[in-house]
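Asker: There's a structure below that I have some questions on.
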Amino acid sequence: VLGFARPAIRSAFRMNARTSAVVILDASAGMTFVDNGETLFDRAKRAAGEALGLFGRDDTVEVLVAGGETAALQGGDAERPSEIVERLATLTPSFSANDPAAVFDRALELLGGSRTINREIYYLTDGSNGAFPDSIGKPDAGVRLYTVLLGPDEHRGAVIEDLRLVDRMVSPGRPVTFRAVGWSGAESGDAEVSFFVNGERKQKVRVVPDA
């Protein structure tokens with residue numbers, strides 16, 4: 001998946017120059033989608049590990065995780081990428097949308113302080129709606145952006161656009177009723193909807209979408 005073609009697009013005088021890079025993992029809820037027995041987030045972690053192997057010992061790499069908030073996983077010399085890969089293995093996706101504008105601002109900020117010739121951003125994402133910012137500041141001309149799209153062209157999943165509390169009173173130990181409004185990507189039949197609280201699945205139901 002990471003046929004980035006980095007060497008192919010570089011001119012000869014930049015080929016062996018030091019590189020500063022930022023690898024961004026999309027950790028939004030959509031990355032929990034399972035494709036061929038593997039979540040897209042697990043695929044992104046594996047791809048990030050492959051990306052780290054592209055850099056030399058004189059390069060520097062920052063890894064950002066874009067979930068509900070932007071978090072810096074590890075930064076510094078790429079001489080010991082195994083340490084970063086170990087931390088990648090412990091990551092889990094969030095159950096919210098990410099803030100792509102914030103994570104790209106952070107990436108550009110990190111690269112803005114670098115004096116290296118090659119400055120690169122790698123974005124590992126499913127490319128779903130909201131995965132990309134409406135605009136990206138004004139990056140220096142020398143910054144290259146590589147987007148690696150993971151997963152199928154169509155998820156055919158369910159998207160909840162509005163979630164409202166039906167019960168007027170909420171108390172411990174009593175069931176709580178919500179009304180969810182959204183759409184289902186299923187071509188026919190019912191759809192499965194899971195409800196998570198702080199990353200823990202509390203309920204799973206099958207619903208029949210309206211026509």
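Derivation of every value follows stated rules applied to the coordinates shown; laboratory data play no part. Quick caveat: nothing in here was measured; it's all calculated off a predicted structure. Here Cβ is always computed from backbone atoms with ideal geometry, including for glycine, and neighbour counts include all displayed protein chains.
Asker: Could you tally the net charge around residue 71, taking each other residue with its Cβ under 15 Å from the Cβ of residue 71, Lys/Arg +1 and Asp/Glu -1?
Answerer: -3
Asker: Taking θ as phi - 60°, what are the ³J(HN,Hα) couplings along the range 98-113 by the Karplus curve (6.51, -1.76, 1.60), each to the nearest whole Hz, with x for Gly and Pro?
Answerer: The phi angles translate into 8, 10, x, 5, 5, 6, 6, 4, 5, 4, 5, 5, 5, 6, x, x Hz.
Asker: Amide H neighbours of residue 64 under 5 Å, at least 5 residues apart or on other chains, H built in the peptide plane: list them.
Answerer: It is 23, 24, 25, 73, by chain and number.
Asker: If packing is taken as the average number of other Cβ atoms within 10 Å across a peptide's residues, how do 97-105, 142-150, 163-171 rank, most packed first? Could you put the intermediate results ahead of the total?
Answerer: Working: 97-105: 19.4, 142-150: 16.8, 163-171: 8.8.
Order by mean packing, descending: 97-105, 142-150, 163-171.
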